[in-house]
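Shown next, in structure tokens, is the structure this report addresses.
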Amino acid sequence: MKVMVVYRCVLAVEAETKRWTNIPPLPNVITCNIGDMLMRWSDDKLISNLHRVRLPRVDEYCGSRHSIAFFCQANKAQIIQAPEKHYEPISAADFLNQRIQANFVDKETGKKLS
């Protein structure tokens, strides 16, 4: 899980539309971005999406910006399986290794990069 407290910067998410959507900072609101592990653990009820924090454009608020990231992962031996069991059980360590290895695969061919 990633908890991002965003104040006066531009947080954007890329949803199913493949377009970036800005998430406006709201007073007294904590924006929580769901990570891949929590998405799997929730049987996809909580959605993980690509996100970014960027500098404001000239026409956007340009005052002070604050963002705090908190990353939390399960213990390596923890088995990840949601109540509805849409996915096979997997240890947190194996899940993290799969996610890391996904960064080293050619997206067009599906082959592992060397």
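The values are calculated or read from the model by the stated rules, or taken from the named source; none is laboratory data. Because the structure is predicted, anything quoted here is derived from the model rather than measured. Glycine also receives a Cβ, built like all others from the backbone with ideal geometry; neighbour counts cover every protein chain displayed. Surface accessibility is based on the protein's heavy atoms, side chains included, excluding ligands, DNA and RNA. Shrake-Rupley method; radii C 1.70, N 1.55, O 1.52, S 1.80 Å.
Using a 1.4 Å probe over the heavy atoms of the protein chains, calculate the carbon and sulfur portion of the accessible area of the chain as a whole percent.
Taking all protein chains in place, the chain shows 56 percent carbon and sulfur surface.
Tell me, in nm to one decimal, what length is gained between residue 70 and residue 88 on full extension, where the rule is 0.36 nm per residue of separation less the Cα-Cα distance?
Once the chain is fully extended between residue 70 and residue 88, it gains 3.7 nm.
Report the far tail of the P(r) of the chain, meaning the percent of Cα-Cα pairs longer than 19 Å.
Cα-Cα pairs in the chain separated by more than 19 Å: 58 percent.
Go through 46, 38 and list them by solvent-accessible area, largest first, probe radius 1.4 Å.
Per-residue accessible area, sorted high to low, gives 46, 38.
Between residue 60 and residue 105, take the C-beta separation as r, use R0 = 41 Å, and let me know the FRET efficiency to the nearest 0.05.
Efficiency at R0 = 41 Å is approximately 0.70.
Residue 30 to residue 18: extension gain in nm, 0.36 nm per residue of separation minus the Cα-Cα distance?
1.9 nm
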